[in-house]
1. Hey, got the dipole for the stretch B:129-241? About the Cα centre, +1 on K and R Cβ, -1 on D and E Cβ, debye to the nearest 20?
2. Based on the alpha-carbon gyration tensor of the protein assembly as shown and its eigenvalue square roots a ≥ b ≥ c, which shape applies: rounded if a/c is under 1.5, prolate if not and a/b is larger than b/c, or oblate?
3. Out of residues 5 or more away from B:LEU367 or on other chains, whose amide H comes under 5 Å of its own, with H placed 1.01 Å from N in the peptide plane?
4. What distance in nm separates the simple spin-label points at B:LEU81 and B:ASP102, each placed 7 Å from Cα in the Cβ direction?
5. Could you work out how far the C-alpha centroid of the stretch B:364-389 sits from that of the stretch B:51-115, in angstrom?
6. Can you bin the stretch B:129-241 into rounded, prolate or oblate? Criterion: square roots of the alpha carbon gyration tensor eigenvalues sorted a ≥ b ≥ c, rounded for a/c under 1.5, prolate for a/b above b/c, oblate for the rest.
7. Given the options A:SER43, A:SER12, A:SER85, state which has the largest fluctuation in a GNM of chain A using a 10 Å cut-off (strictly under) for Cα springs.
8. Would you pull out the residues with amide H under 5 Å of B:ARG133's amide H, same chain only if 5 or more places away, H placed 1.01 Å from N?
Amino acid sequence: MPKVTYVVPDGSVHDVEVPAGQSVMDGSVRNNLPGIVAECGGSCSCATCHVYLDEEFAGLFDEATDEERDLLEFAEGADARSRLSCQLIVRDGCDGVRISVPDTNG
Amino acid sequence: MTHPPAGAGSRVVVIGGGHAAAALVGLLRQEGHTGEVVLVGDELDHPYHRPPLSKKFVDGELEQWLRPPEFYGEQKITVRLGEQAVAIDRAARTVALDSGADLSYDVLVLATGARPRPLPVPGADLGGVGALRTLGDARALRKWIEEGRRLLIVGGGYIGLEVAAVARSRGVEAVVLEREERVLARVASPELSAIMSGCHTDRGTVIRTEAAVVALEGADGQVRRAVLDGGDAVDCDAVLVGVGALPRDELATAAGIETGPPGRGGILVDAGARTSDPAVLAIGDVTCRPIPGVEGPARLESIPSATEQAKQATATILGKPLPAAETPWFWSDQFDLKLKIAGIVAPGTQTVLRGDPASGRFALFHLVDGRPVAVESANASPEFMAGKKWIGAGTRVDPEVLRDADAALRGAAL
């Protein structure tokens, strides 16, 4: 099972196994990690699951849809690495991915 | 209300199994609470996502757990389902359940939610008449739609319109009766009401405003028609009642805990989710609380509000700083429109439309003294996100730039 590393707002690092087909958000919620609030439950409505994905891992996930880009444009602290973790679907090749979670998800 | 926090080792009993309760128990563990945590839910299901019940109840998966059932055990959270709290003994700090159990607590959190407001007319107990709050309600409604029953929806609020949209998308007849002169009268601006009304009518929803039901009539125990106050009637095979919700605050009232002003009701809490009893907190739809942009304590039924209060309660229990006042927001999905609303819509604002409603992408900004106090958006996430930020920061905006959909949104902030 792919292992995803979450760097959460207090700086602590959590390695979590996320089943292929689930999202990076699912992995966080499932393991009760802080920082990803995920109010809308993963329907790309709320932008409370904002994370940073380093460029080296970007190609492992589908590109952001227009809808996701629209939500991120004005998200607090958004930059070129920003993604909504509900849209980052983990697959087998994602083992070793590292995600940083900001403390601004409301 | 300056009481010492109960602390990380306290025994917390949460009454309720909805979004607020589930968010709280997760947050407590995230924030380092180590004491016993017990969640008592009167439904038999583990806490689940409620918004899909009115939005995706036909095509989507209804049972969307907020956390997988095994989560609670792993987090050392005791979940008691199918049990209801019946009385609080504040002096002894115990809460009695209908199963006969007595649970002692250091902190009691009331997250009992709201119940659908009943329709006070003869025939409301006929078969085929229901409200929408729980998974069970949604399962019944799904069946009606699948059977192609002609659906009469009493109440043109968000739930009623969301259900109408699902029905119409499946080719099922849907008639919406609204007592007020416009749909979404309590929650949306007149401009948004008009747009949504048009959007529904174009897709075959029949909307009748200033129409009050005085009786439901049936045959063989099944509803067949609704009689209106004007005397005419609407034939139907099923009735969804969506006329608002009432706070389930009886436990608190019976225990002498203060409730909100008449007409609003709900358990009165402060910005730290504290009630008039220092050992009792309340969160979610059952509360009446200070809300930015609203005069006096008010009730706000929404997922973001429940999440916010779960954070407040966590901070209060653990003695951490309370979260900053939030900008309320809300979402609704109807047909291909994803509506997102931030702030509180009130009369007397300057309204600026950006984008063309006919294109399915637009935003209504509502300004007071040049500052947005609310934004209602459809398929317009940048406008929603920017508007929400501006509302919270009290940013002044240039209405002319805002109005010009070709002008960069960032340029509207002064």
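1. That gives the stretch B:129-241 a dipole magnitude of about 400 debye.
2. rounded
3. Excluding prolines and chain starts, which carry no amide H, the hits are B:GLN350, B:THR351, B:VAL352, B:VAL373.
4. 2.9 nm
5. After rounding, the separation between the Cα centres reads 35 Å.
6. Working: a/c = 1.69, a/b = 1.24, b/c = 1.37.
Oblate shape, in that a/c is at least 1.5 and b/c is the bigger or equal ratio.
7. A:SER12
8. When sequence neighbours closer than 5 places are left aside, the close amide H contacts are B:ALA138.
Every read-out reported here was derived from the displayed coordinates using simple, explicitly stated rules and does not represent laboratory data. This is a predicted model, so every value here is computed, not measured. Don't worry about glycine lacking a Cβ; one is built from the backbone with ideal geometry, like all the others, and counts go over all protein chains shown.
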